[in-house]
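Taken together, the values in this text are just the output of simple stated rules run on the coordinates, not laboratory data. Note that this is a predicted model, so its numbers are computed, not measured. A quick note on method: Cβ atoms are made from the backbone with ideal geometry, for glycine too, and the neighbour counts reach across all protein chains shown.
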Amino acid sequence: MEAVESRELQARDYLEKHRIMELLNHLTSVLLFVRPPKPREYLISLLERLRLAKVTGVAFPFFMDNSNIVAMFDMMDPSGKGTITFAQYKEALKNLGLCIADEVLNDDGHIITLDKFRDDVNMRTWKIWKAF
Amino acid sequence: MDATSAPHLIPSEMPQYGEANHIFELMQSMLEQLLIHQPQDPIPFMIEHLHRDNDHVPKIIILGPPASGKTTIAMWLCKHLSTNLLTRGNLIGSEFSSVAAEARKHYQKCKKVPDSLLIRLVQERLTEEDCVRRGWILDGIPQTREQVLMMQTLGFAPRHVIVLNAPDSVLIERNLGKRIDPVTREIYHTTFDWPPEAEVQNRLLAPEGISEVETARKLLEYHRNIIRILPSYPRILKAISADQPCVDVFYQALTYVLTSHRSNAPFTPRVLLCGPTGSGKSLQAALLAEKYGLVNVCCGQLLKEAVKDQSKLGELIQSYFDKEMPVPDNVIVKVLKGRLDQPDCVQRGWVLHGFPQDLDQAHMLASLGYSPNRVFFLNMPLDSILERLTLRRVDPITGERYHLMYKPPPTLEIQARLLQNPKDAEDQVRLQMDLFYRNLSELEQFFKQAITVNGDQDPYTVFEYIESGIINPLPKKVF
């Protein structure tokens, strides 16, 4: 029985180390969003792009581009002040899947402007993609 | 943020695309391979896996006692599915492998090959290109539980396991008649499977070890081992009786091997029940809705509800009801779309009955974007329908519904005052049936993957058929 448990642990560690589940979730989301007529070929092309990006350091195929981030910020800031509250910022990160629920984010008292939000989202996304 | 706390509205194209292209199974098989091999670089590994596209190649194990016909079945299946056959004989006889040479030495010394060597041979063979691309059939391996466990640790899992069964006495007798053709290595039998060509007949040899004593000994050992192998393959095992003609065994094996197992993919049933009036559609729909939480969408009910709501559409429908004319298709479609668009239908799935009654209506349903993913045709002969419908009666005072054959009224007094719904009169029923059958062939052609169920049985049997049709994956038509 020990052998079985240790292999299971080994498998779980492997999944976490290479962030396989996040990668598969992302791939499935892209497939369902784009709905290509030939899913296998499309998946292969996605993975090839990812591999190239990793090797050459060229831009990763981000899921959300700049206009999406701006749109999201505007949704949270209907009055057009230019800033959002810390609570909104945390919720937004959770919804984008860019931070784990228990992660403690420092509320350093600074207001969150659009630029700060954008940079933060990009940095987190880049960190996640780097690990794939 | 409001938009994220409210329930997400997922466009219905997404789950439909996922189901149609088997996205879940694709991802699942990729994850399985990743976990078995645990490559250091997952992305190139995944790219290679996707290129290979071998999720559906046959991976079959055939087990059975001596003289059950394993090798014959294995060879026929192999030819039919154009895949590779692996037997102990051809594994040990392989010329290019050092492991095989070692195995041959062992065999010559003590007439047995140790388990570890045998499984290493299997592993070597299964990693070769043609097995990876076209699949494999293992004939008679694994023979012991140790071999099963070794194969599992190496990551080779079959998708179908067939076990042939027959009474021992039959097998002992059968084995006496076994003959082998030394040239083609095919197995023949003096009584059951005699080759037609005379030259083959002349060169047949009796193999060694077919005496009764020998066979009995081998059977004993087989029974001892098989009982510990069977629990290792709980959901993919099928036992087929070998005590029947070869062809029957072959067809059963082939049908089993071509079916896919139930998958864990998320599945929202969108069921369509078609059948003449009186075939039991409403009853089945109600049973399905209750058991699986689906939304029961009955076309007639929907129209009556619209009338009750006194909406604009409802008034329009009422005018048709008053004139006793059938409601036109586009009005029905509008009411239907309104119902199917609601979030509970999209999330929980639906059971539709009473709607597409002819080809045009079916096209309209498809153009709405709501294609059912399971279609059932309930077949019933006219006599049974007549029996079910024309004997229906209602008691006008208590409102209780009776059936003169299946649920007769308890007293003569009640029976005297029973009334019949004019729609249930025999000529009306015949008219409805004719109408249905005129459109049936077109509907059957439109819904190519429909399942036909015999409606002329008791409701729970029909329900079980429908259930198994929904739960199991749709059969792939190969021929």
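Can you find, among B:Met46, B:Leu258, B:Leu176, the residue sitting farthest towards the positive end of the charge dipole of the protein assembly as shown, where Lys and Arg contribute +1 and Asp and Glu -1 at Cβ? Going by the Cα projections, it comes out as B:Leu176.
If the segment from A:Asn25 to A:Asp74 were pulled out straight at 0.36 nm per residue, it would be longer than the present Cα-Cα gap by 14.9 nm. Label zone of B:Leu283 (point 7 Å out along Cα→Cβ, amide N under 20 Å): in region B:355-382 this covers B:355, B:376-382.
Near the amide H of B:Ala239, within less than 5 Å, lie the amide hydrogens of B:Val163, all on another chain or at least 5 residues away, with H placed in the peptide plane.
Across all Cα pairs in region B:95-247, the calculated P(r) in 5 Å bins from zero up to the longest distance comes to 1, 7, 13, 16, 18, 18, 16, 8, 1, 0 percent per bin. Taken over the protein assembly as shown, the percentage of Cα pairs per 10 Å bin, counting from 0 up to the bin with the maximum distance, is 3, 11, 17, 18, 17, 16, 11, 6, 2, 0. Stretching the chain fully between B:Asp383 and B:Glu48 yields a gain of 114.6 nm (0.36 nm per residue, less the alpha carbon separation). Sparse packing (at most 10 other Cβ atoms within 10 Å of the Cβ) combined with a DSSP loop state is found for the following GluC sites (Glu not before Pro) in region B:48-156: B:Glu95. Counting only Cβ charges, +1 for Lys and Arg and -1 for Asp and Glu, the dipole size of region B:213-278 around its Cα centre is about 340 debye.
Computed from point charges on the beta carbon alone (+1 for Lys and Arg, -1 for Asp and Glu), the dipole magnitude for the protein assembly as shown about its Cα centre is near 1100 Debye. Rounded to 0.05, the FRET efficiency of the B:Glu197 and B:Leu230 pair, given R0 = 51 Å and the Cβ-Cβ distance, is 0.85.
Across peptide A:27-37, the mean count of Cβ atoms from other chains lying within 10 Å of each residue's own Cβ comes to 4.
In degrees, nearest 10, range 0 to 90: what is the angle between the Cα axis of helix B:212-229 and the longest Cα principal axis of chain B? It works out to around 50 degrees. Put simply, region B:30-133 fits an ellipsoid with semi-axes of 29, 20, 12 Å; these come from the alpha carbon gyration tensor as the roots of five times its eigenvalues, largest first. As a rough guide to protection, the peptides A:43-55, B:255-267 ranked by mean Cβ packing within 10 Å, highest first, stand as A:43-55, B:255-267. Between B:Gln310 and B:Leu412, the modelled labels are 4.9 nm apart [label points 7 Å from Cα along Cα→Cβ].
Applying 1/(1 + (r/R0)^6) with R0 = 25 Å to the Cβ-Cβ distance of A:Glu48 and B:His56 gives a FRET efficiency near 0.60. A compact globular protein would have a Cα radius of gyration near 2.2 N^0.38 Å; the ratio found for region B:188-258 is 1.48.
The share of alpha-carbon pairs in region B:230-316 lying farther apart than 23 Å comes to 59%.
Computed over the Cα atoms of chain B, the ratio of the radius of gyration to the Kirkwood radius (Rg/Rh) comes to 1.10.
Which of the lysines could a cross-linker span from A:Lys17 if the Cα-Cα distance has to be under 28 Å and same-chain partners fewer than 8 positions apart are dropped? Cα-Cα hits under 28 Å: A:Lys54, A:Lys90, A:Lys94, A:Lys127, A:Lys130. Using the Cβ-Cβ distance between B:Asp168 and B:Glu19 with R0 set to 35 Å, the FRET efficiency from 1/(1 + (r/R0)^6) comes to roughly 0.15. Using all pairs of distinct alpha-carbon atoms, the Kirkwood hydrodynamic radius of region B:340-430 works out to 16.6 angstrom.
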